[in-house]
Amino acid sequence: MLKGTSASAGIGIGKAVIVEETELIISKTPVEDAEAEKSRFQSAVKLAMEQTEALAKDLATRVGEKEAEILNGHILLLSDPMLVGEIESTISGENVVSEYAVEAVCNTYADMFASMGDELMQQRATDMRDIKTRIQKILLGVSSVDIAALPMGSVIVAKDLTPSMTAGINPANVTGIVTELGGKTSHSAILARALEIPAVVALEGFLGKVTEGADLVLDGSDGTVFINPDESVKAEYAAKREAFLKEKKELEQYIGKPTITKDGVTVELVANIGKPEDVEKVLQYDGEGVGLFRTEFLFMDRTAMPTEDEQFEAYKRVASALNGKPVIIRTLDIGGDKEIPYMGLSKDENPFLGYRAIRFCLDRKEDVYKPQLRALLRASAFGNIRIMVPMVTCLEEIREAKALVEEMKKELDEKGIAYKKDIEIGIMVETAAASLMADVFAKEVDFFSIGTNDLTQYTMSVDRGNDKVSYLYSPLNPAVLRSIRHVIECGRKEGIMVGMCGEAASDPTMIPLLLAFGLNEFSMSASAILNARKLITGYSTKELQEVANQAMSFATAKEVEDFMKEFISRS
Ligand code: PEP
Ligand code: MG
């Protein structure tokens with residue numbers, strides 16, 4: 001049995017099809033007429049754009065707009081004047097063939113992104129290599145692997161799948177995907193989830209172990225892969241597949257149902273998104289709004305900052321699609337582990353404790369924060385937008401952010417531009433300081449959203465991405481639970497809404513406790529919504545009080561966890 005990273009849930013059983021791209025031979029061949037070479041390059045880029053547009057169009061009709069957006073990102077890269085300009089000046093500066101100039105420039109960018117260690121940047125590196133290969137293939141007249149024509153029951157095995165390869169997959173024939181590279185949030189993983197194909201990524205050395213046509217069984221939910229398993233394993237996983245599909249189907253009955261407990265308490269069940277296209281899944285899974293729009297994603301897939309107008313369009317698109325349902329948009333949360341190369345941030349010694357989120361934004365008011373706030377206000381005329389400020393630790397930060405919103409409102413008033421006059425402003429409660437001061441913050445803001453991903457990290461002093469200390473990272477630790485309960489109590493006392501947008505909001509062991517504490521809003525990835533609705537509608541908050549009292553009487557995370565697991569197995 002081998003173990004990789006789970007990227008798309010479900011069981012895949014089938015035959016290995018190894019997908020290897022033909023190796024392109026690129027040499028530094030000199031050219032005599034650099035101008036003619038530049039126009040050869042320009043024609044290749046034009047064709048690459050046309051091909052990508054066609055692929056995006058096909059994907060939009062076959063799968064969805066959101067998935068097509070990934071390829072639209074490639075079109076943006078292909079039309080990026082900086083990138084194209086750099087390639088052209090390499091051609092004329094060094095008098096070399098286009099394929100070499102493309103290789104040199106795209107690799108510089110791809111390597112730079114890849115060296116950043118961050119998963120999103122890895123993804124950008126993959127995108128850059130993808131467009132590089134597409135242009136070079138056109139220049140060299142090489143055709144691509146026909147991934148759309150794989151036989152039924154194929155499990156695709158590859159070093160890495162580029163988004164354009166994944167986009168061409170026919171889900172009726174492909175039962176699984178295993179790759180050596182990639183991560184949970186890589187574009188190909190996102191596409192695999194959208195196509196609902198089970199996928200395991202980051203399985204190091206897999207290509208050296210598997211042969212073409214081998215029997216493969218994979219569990220995309222936990223990252224397990226078997227090569228040529230015996231009949232008993234095959235039978236076990238065939239049964240698991242049946243159970244998985246049955247459960248998925250059963251959850252559909254919760255579409256259109258209210259999220260109300262057995263004793264009549266209504267809570268909001270909303271979604272976390274990173275891009276405007278994600279609203280499609282929110283609607284598909286019947287989300288009651290958006291509880292967290294991580295706007296930093298808008299800043300990531302590109303080589304320069306999105307303009308105020310681009311941001312306005314993105315926020316407006318989400319607000320309009322949600323048609324009056326609440327849309328909480330978080331202002332830029334970069335720094336820490338989320339780097340954006342063009343922002344020119346230097347590496348902090350302690351990134352999670354450093355120059356990030358609201359600290360960064362208040363330092364970059366003119367070029368970063370004010371345009372974002374203006375874009376948010378303008379978009380608020382088109383729906384129910386609320387503004388959320390991340391990583392707040394002290395009162396001055398939220399006061400300054402609120403003063404800036406007022407300043408931007410005045411600017412818009414002067415220009416006669418519409419916005420939601422009474423727009424609500426809230427904070428993420430994700431630092432120990434914000435939690436301890438929740439009673440004070442509750443008087444200054446319109447809502448709280450508890451960010452347990454960071455709150456756990458800062459409460460337990462444990463890096464959320466460090467495997468070696470992950471045993472300490474649990475929202476069920478009594479210290480974190482006390483913090484959560486305190487924040488909810490403070491918010492409720494002031495009559496403001498208290499939500500949660502960290503991963504804990506969809507954790508079945510946490511949901512009963514959060515209901516007992518009085519949480520108003522649960523925000524999670526769209527695909528987790530129906531299961532959460534099933535759980536919430538099965539509980540009575542009154543009956544849960546006793547469960548919460550008992551859970552809070554324990555002194556260790558293990559005791560709480562065992563108790564909650566035992567409780568949910570009984571309910
Ligand atoms: C959190 O910290 O819980 C959160 C939702 O934000 P992020 O995961 O983007 O830091
Ligand atoms: Mg956070």
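Solvent-accessible surface (1.4 Å probe) assigned to Ser346 amounts to roughly 100 Å².
Within the chain, what's the longest run with no GluC sites (Glu not before Pro) in a DSSP loop and at most 13 other beta-carbon atoms within 10 Å? Give the range, please.
Numbers: sites that count: Glu20, Glu23, Glu32, Glu204, Glu212, Glu349.
In the chain, the maximal stretch lacking such sites is 350-571.
Where does the charge balance sit around Glu277 when Lys and Arg score +1, Asp and Glu -1, over other residues with C-beta under 11 Å from its C-beta? Overall, the nearby charge balance is -1. Computed on the Cα trace of region 380-520, the radius of gyration divided by the Kirkwood hydrodynamic radius gives Rg/Rh = 1.04.
When the helix-only estimate is applied to the chain (DSSP H runs of n ≥ 4, each -39,500 (n - 2.57), divided by the residue count), what is the mean residue ellipticity at 222 nm, nearest 500 deg cm²/dmol?
On the way: 22 runs with 271 residues, N = 571.
That calculation yields -15000 deg cm²/dmol at 222 nm.
Among the lysines, select those whose C-alpha is under 26 Å from the C-alpha of Lys415, and discard any that sit fewer than 8 residues away in the same chain. List returned: Lys316, Lys365, Lys370, Lys402.
List, in the order given, every pair from Lys66/Lys248; Lys275/Lys468; Lys275/Lys338; Lys248/Lys565; Lys15/Lys240; Lys3/Lys66 whose Cα-Cα distance in the structure shown is over 24 Å.
The pairs that break the limit, which is 24 Å between Cα atoms, are Lys275/Lys468; Lys3/Lys66.
Dividing the convex hull volume of the alpha carbon atoms of region 58-162 by its residue count, what do you get in Å³ per residue?
Numbers: hull volume 13.6 nm³, N = 105.
Hull volume over Cα atoms, normalised by residue count, gives 130 Å³.
How long is the gain from Glu313 to Asp562 if the chain were fully straight, where each residue apart is worth 0.36 nm and the alpha carbon distance is subtracted?
Values: separation 249, 0.36 × 249 = 89.64 nm, distance 4.70 nm.
84.9 nm is the gain from fully extending Glu313 to Asp562.
For Gly182, the residues whose amide H sits under 5 Å from its own are Ala202, ignoring neighbours fewer than 5 places away on the same chain, with H placed 1.01 Å from N. The angle between the Cα long axis of helix 34-62 and the longest principal axis of the Cα atoms of the chain comes to about 50 degrees, rounded to the nearest 10. With a Cα-only, solvent-free Debye model of region 259-570, what are the log10 I(q)/I(0) values at q = 0.08, 0.09, 0.14, 0.15 Å⁻¹? Evaluating at q = 0.08, 0.09, 0.14, 0.15 Å⁻¹ gives log10 I(q)/I(0) of -0.34, -0.44, -1.08, -1.23. Axis angle, to the nearest 10 degrees, between helix 65-78 and the longest C-alpha principal axis of the chain: 50 degrees. In this rough spin-label picture, where each label sits 7 Å from Cα along the Cβ direction, the Ser39-Leu140 distance is 2.6 nm.
Under 5 Å between amide hydrogens, built in the peptide plane, is the criterion, and for Met428 it picks out Val389, Met391, Val392, Ser449 among residues at least 5 positions away or on other chains. Note that the chain presents 42 Å² accessible area per residue, ligands and nucleic acids not counted, probe 1.4 Å. Computed from the alpha carbon positions, the gyration tensor of region 285-340 leads to an equivalent ellipsoid with semi-axes of 23, 14, 8 Å, biggest first. Which whole-number percent of Cα pairs in the chain have a distance greater than 42 Å? Result for the distance tail: 25 percent.
The distance between label points at Lys246 and Val469 comes to 4.4 nm (points 7 Å beyond Cα on the Cα→Cβ vector).
For the chain, the longest principal axis of the C-alpha atoms and the axis of helix 98-114 are separated by about 20°. Here the accessible area is traced with a 1.4 Å probe on the protein chains. For the chain, carbon and sulfur cover 53 percent of it.
The values are calculated or read from the model by the stated rules, or taken from the named source; none is laboratory data. Predicted model only: the values in this text are computed from it and were never measured. Here the Cβ is made from the backbone with ideal geometry for all residues, glycine too, and neighbour counts use every protein chain on show. All accessible areas refer to the heavy atoms of the entire protein, side chains included, with ligands and DNA or RNA removed. Shrake-Rupley method; radii C 1.70, N 1.55, O 1.52, S 1.80 Å.
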